[in-house]
Structure formats: structure tokens, C-alpha cells
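Just so it is clear, none of the values below were taken in a lab; they were calculated from the coordinates. As the structure is a computational prediction, the values presented were derived from the model and not from experiment. Here the Cβ positions follow ideal geometry from the backbone for every residue, glycine too, while neighbour counts run over all protein chains shown.
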Amino acid sequence: MLNKTDAIAFTYSEPTISYEYVLDIARLAKKAGIKTLMVSNAYIEQEPLKNLLPYIDAYKVDFKGFEERFYQKLTNGHVEPVLTAMKTIRKNGTWLEIVNLLITNQNDSDKNILNLARWIKNNLGEDVPLHFSRFYPQYKMLNTPPTPEETVIRARTLAMQEGLKYVYTGNIAYPEGEITYCPSSKEEIIVRQGMSLISNSLKDGKCDDGEEIPGIWN
């Protein structure tokens, strides 16, 4: 069965809850030449993270918000361990992407967005993809209104103005926020629609003008 699978994603619920299982499967996948993806809040101690990373090809971090107060209030956790984990993931060479769910009047201020973008650029690099997603009322936050689409679009604009090259939008109908552009030529190189891939004009991970686009393309 393993050799019929191209990739394995460890995701819902938080996969670090089943850390030993994830580590065992990731090791087997590595031996079988199968790509592995971790979708996590990155709230993990350094030692187990470093033990896991050699077997993980890509790590998508669900980042809650760039404020300690926000993390304590909504997650009963702390922001610093997550920031440290992202630095470790990046240093290890594992492909890293970050998703920030914007919640109305909670973590959607220009200050929070700019601080996050600046931190990513200064600590992780301008080529780390950042995704802003729209919040919908669920579970214990049914009284919180959906995030305005304009907020998500504004967040993308602010992050790009800070120098991040690959910033996307999610949970809204905004085609421009789903496209990967070549930074030098500004041409559309990867076009998406929701969960679907419409086109990919990359050749060996490069734009037509030869600029290399970071990512996992094989």
C-alpha cells in the first residue's frame, strides 16, 4: 500500500497529540520515498521537533496571532514556543508555510499583520509563503462575526508591502490571492481555484525568465 502513495499528510486534529505514531509513520514513509507533510500549530518542544524534522518534507504552521495576549486568551498557550519552532523548522531546511486565520477584532489589526510580516521576513526569509484565511463562526465563537473579505485582502497587501514575496488569501473568492507570481517578471506561474490547480507553467522550478521559485516541485 505504501508504494502506491505519493504523499502522507499528518493533520486534523493536532497531529503532535499522536507524536509517536506520526514519527513511526514518517520514518517508514521516508524509507519508501514518500513525501510527508505536517499540518500543525507548531506548539511543540524543541527536542521532539528536531527528532521529527528529518522525516518531514513540508511543515504548514497554523499560526494564531502575533500577540502573547491573544495566544493566552484563545488558546491557553504562548506565542514564543511557536515562533521558536518555526525558526527551527526553517533552519532544518524543511519546507515551511504559515497560515494565519484572521478573526474579527481579535488578531486582524494592521499592527498585528505588519508585525507578523516583519517577523517572518527578518527571521525566516521573504520567500516563506504566508496565507491569510477568513474566519467563520464555529463552536465556541458563534457570536463572533465572519471576517470581512476586505480584511483578508488588506492583510495580503500589507504583508507584500513589507517585502514578503508569496502571500495568499483563503476562504474568500479572490482569484488574485490564489496565484503565484514570478517576483521578477510578475507573470502568473501557478494559478489555483479553491482546492484545484488550474495551471502551472514552472519548468524545473523556474519561471520563463529563469528565476527559481522556492518550493517542492517533484
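Results, tabulated for the structure shown:
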{"quantity": "Stretchable slack from GLU149 to TYR136, in nm (0.36 nm times residue separation minus alpha-carbon distance)", "calculated": "3.6 nm"}
{"quantity": "Label selected from [x] 46, 45, 31; [y] 61, 42, 30; [z] 52, 36, 26, the criterion being Cα extents along the principal axes in Å as computed here", "calculated": "[x]"}
{"quantity": "Relative contact order for segment 2-177, counting Cα pairs under 8 Å that sit 6 or more residues apart, in percent", "calculated": "16"}
{"quantity": "Added length on full extension, which subtracts the Cα-Cα distance from 0.36 nm per residue, ASN200 to ASP24", "calculated": "60.0 nm"}
{"quantity": "Per-residue ³J(HN,Hα) for segment 200-215, Karplus 6.51 cos²θ - 1.76 cosθ + 1.60, θ = phi - 60°, Hz, x for Gly and Pro", "calculated": "9, 9, 5, 10, 6, x, 10, 6, 4, 8, x, 5, 7, 9, x, x"}
{"quantity": "ALA173-LYS4 FRET efficiency (beta carbon distance; Förster radius 35 Å; 0.05 resolution)", "calculated": "0.50"}
{"quantity": "Order of VAL191, VAL152 under a 10 Å beta carbon neighbour criterion, fewest first", "calculated": "VAL191, VAL152"}
{"quantity": "Charge tally in the Cβ shell below 14 Å around GLU162, where Lys, Arg are +1 and Asp, Glu are -1, GLU162 excluded", "calculated": "+3"}
{"quantity": "Amide proton proximity set for ILE8, modelled H, under 5 Å, gap of 5+", "calculated": "LYS35, THR36, LEU37"}
